[in-house]
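FYI, it's all coordinate maths here, none of it is from the lab. Since we're looking at a predicted model, the values are computed, not measured. Every residue, glycine as well, gets a Cβ built from its backbone with ideal geometry; the counts of neighbours run over all protein chains shown.
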Amino acid sequence: MPTKIQIQNLRKVYDTPERKVHALENVNIDIQDGEFICLVGLSGCGKTTLLNILAGFVEITHGDVYMDGKPITEDYDKGVVFQEYALFPWLTAVQNVEYGMKIRNVPPDERKRIAMEFLRLVRLEEFADLFPHSLSGGMRQRVAVARALAFDPQVLLMDEPFGALDAQTREELQDLTVDVWQKTKKTVIYVTHNLAEAVFLGNRVVVFIPNPGRIREILTIDFPRPRDALAPEFIKTQRRINELIRDWK
Amino acid sequence: MAEAQAGPPPLNLDAPHKTPYVSIWMRIRPVYPFLLVIFIWQITAWFLHDLMGDLFPYFGSILFRGWELITGPLVKAMGVDVDTGFLTQLYAIIFKNPLGFIDQLKYLSDSPLLWHTLSTAWRLPFSFMIASVIGVTVGIMMGRFAFWEGFFVPLLSVLLPIPALAWTPIAVIWFGNGDQTVILVTAFASFLPIAMAVWTGVKTINPVWIRAAQSMNADKMTIFRTVVLPGSLPMILSGMRIGLARAWRAGVGAEAFAGIRWGLSAGIFDAQEYLDTAFMMVAIAVLGIFGYLLEKVLFQPIETRTIIKWGMMEEMGGQDKKV
């Protein structure tokens, strides 16, 4: 598989008037095309910073990020799903999904058709014309996933997208995410602090440790899918990651 | 063989909705405070009648004054004595009317109350419109460009607490007596809170919406048009509400001082000279009704179609439905 994203010697220092925060140090990852990669770690370990760098929200202090061998530009095509509900409340579900295509000047009929296709993918086509406030939390995040994918981005960046949902809804959406990923074959970078979620979803799990944020280890998870979250080896992997996160000097 | 136990009746979710039953008591509930106040008014008027006479008129006198202010010219033109009672006049207008329909309309359109109301009714919304256009523009400039923010915030913060009425004498000296002064003072008074509210709305918009739009590569102008504007609409509308309230207050004051003849509050101050309390009460009632309608006609439809539909604001009185 070709390398999609190459992160080399990445360093990030937030330079605020009060103090400097060393958020990331010497981060190196090669992300394959079509890979599902999870970033885990305690809060303050830089995983969200890395995602924000990939999303173009945060500038790099030092180091390089390559996309398909070329340095990334701010406006490459990426879909982002946020932890908070980031849907536009003044647009219906389908209009939200159309937003990215509208910016790319896709003609209205075409964009409506594609938007409905992606709403079907997240099983929400019946709710297309509802405004976000009348959707449940889980449904909103499904619309957000559809919105992030609809303009066919090169990568999908997800920042604890299901963190605010209840356990049942979260599991349901994890299944859905795997399903969507398998159907669309996107490269997914997924930030979570939920280890079970990381092991359930990822091809690889990148374990971060804080002060400064850096990579402790990258684990390959090769359990066949669909995965059983209660299998002994699954739990063993989870425990191993937990140790990696906590026991470091 | 035993019959199968009857289950619940078949479910039909498409059946027409039942309109909930609203008792008569619930329907008249908003009216009863008024009835109570009128009752107390009547008793007070009765006690004070010997002392104050028409300076504290009975409720009926106020109603009759209102009637007179509307139909006065018509009744006079028909040759009926204006001092006759309401029923006599009504009877005369309906059954003994020598005038044709067009003439009747002509005399009705001469009614002083109509002219007072119309004068206030165009001046106020007109000033408010000017204030809204300038206020929203300035507010957006403040929210978008640091330079204009630095320029306007200190100025507006100082100007905002000054009651607009305080400016009126200066405005009269500078711009003379007349509509222009009233319009300027009113517009200025309502521009300030609108600009401040729009600025706050633009500044406090949920940053995750901006990021979402950025992540889809929307440029700055597109983000402004498709995210900042609709996203700050709740604040813009509430700023305009405050603006309207202030315009209303300033307008009423300015009308009185700017030496104009027509206008509800100009009329009120005029009536003070003639001790015509009933007229003042009628004009005050019209001011109240007019302000209420302006709010209903102007804001409610916009809000229902936008921020309430989007769930960005609860409907007025919506707290009943929760619990």
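FRET efficiency for A:Asp68 and B:Leu55, Cβ-Cβ distance as r, R0 = 60 Å, nearest 0.05? So the FRET efficiency works out to roughly 0.10.
For chain A, modelled as a GNM whose springs connect Cα atoms under 10 angstrom apart, the maximal fluctuation among A:Glu172, A:Glu84, A:Glu117 occurs at A:Glu172.
For chain A, the longest principal axis of the Cα atoms and the long axis of helix A:137-150 meet at an angle of about 90 degrees.
Positive-end ranking of B:Thr222, B:Gly291, B:Ala258 along the dipole of chain B, with charges on Cβ about the Cα centre, is headed by B:Thr222.
Relative to the longest principal axis of the Cα atoms of chain A, the long axis of helix A:93-103 makes an angle of roughly 70 degrees.
Over all Cα atoms in the protein assembly as shown, the spread is summed up by Rg and Dmax: 34.2, 106 Å.
Positive-end ranking of A:Asn105, A:Ser136, A:Ala93 along the dipole of segment A:89-153, with charges on Cβ about the Cα centre, is headed by A:Ser136.
Per residue, the convex hull spanned by the Cα atoms of segment B:32-108 measures out at 108 cubic angstrom. Classify chain B: rounded, prolate or oblate, from the alpha-carbon gyration tensor (a ≥ b ≥ c, eigenvalue square roots; a/c under 1.5 rounded; otherwise prolate if a/b is larger than b/c)? Oblate, since a/c reaches 1.5 and b/c is not below a/b. Counting, for every residue in B:131-140, the Cβ atoms of other protein chains within 10 Å of its Cβ and taking the mean gives 0. On a C-alpha basis, how far is the centre of segment B:222-261 from the centre of segment A:115-190 in Å? Whole number, if you could? Taking the Cα centre of each part, segment B:222-261 and segment A:115-190 sit 40 Å apart. Restriction of the trypsin sites (Lys or Arg not before Pro) in segment B:3-65 to DSSP coil positions whose beta-carbon has at most 13 other beta-carbons within 10 angstrom yields B:Lys18.
In the elastic network of chain A, a GNM with C-alpha springs shorter than 10 Å, the most mobile of A:Pro89, A:Pro107, A:Pro212 is A:Pro107.
Can you tell me the dipole magnitude for segment B:113-311 around its Cα centre, using point charges on the Cβ only (Lys, Arg +1; Asp, Glu -1), in Debye to the nearest 20? Let's see the in-between values first.
Working: 13 positive and 9 negative charges, 166 e Å.
Dipole about the Cα centre, nearest 20: 800 debye.
Magnitude of the charge dipole for segment A:166-219, about its Cα centre and with charges confined to Cβ atoms of Lys, Arg (+1) and Asp, Glu (-1), is about 400 debye.
Summing Cβ point charges (Lys, Arg +1; Asp, Glu -1) relative to the Cα centre of the protein assembly as shown gives a dipole of roughly 860 debye. Label separation (B:Arg27 vs A:Tyr76): 6.8 nm, computed from points 7 Å beyond Cα along the C-beta direction. Computed per residue of the protein assembly as shown from DSSP H runs no shorter than four, each worth -39500 (n - 2.57), the mean residue ellipticity at 222 nm is -17500 deg cm²/dmol. With respect to chain A, whose longest principal axis is taken over its alpha-carbon atoms, helix A:108-121 is tilted by about 60°.
From other protein chains only, count the Cβ atoms within 10 Å of every residue's Cβ in B:206-214, then give the mean.
Shielding by partners across B:206-214 averages 6.
Between A:Arg140, A:Arg19, A:Arg113, the Gaussian network model of chain A with springs among Cα atoms under 10 angstrom shows the greatest mean-square fluctuation at A:Arg19.
What pairs from A:Lys183/B:Lys309; A:Lys20/A:Lys47; A:Lys12/A:Lys70 go past 23 Å between their alpha carbons? Checking Cα-Cα distances, A:Lys183/B:Lys309 exceed 23 Å. Mean partner shielding of peptide A:209-220, defined as the number of other chain Cβ atoms within 10 Å of each residue Cβ, is 0.
Between B:Ile70 and A:Thr61, what FRET efficiency comes out of the Förster formula 1/(1 + (r/R0)^6) with R0 = 60 Å and r the beta carbon distance, rounded to 0.05? FRET efficiency, A:Thr61 to B:Ile70: 0.20.
Report, ordered by chain and residue number, the lysines lying within cross-link reach of A:Lys236, taken as a straight Cα distance under 19 Å and ignoring same-chain residues fewer than 8 apart. Correct list for A:Lys236: empty, as no lysines qualify. Name the helices (complete DSSP H segments) of chain B with a Cα length along the long axis of 24 Å or more and a Kyte-Doolittle mean of at least -0.5, or state none. Those that pass (Cα extent of 24 Å or more, hydropathy at least -0.5) are B:32-52, B:59-77, B:112-144, B:179-203, B:233-257, B:277-305.
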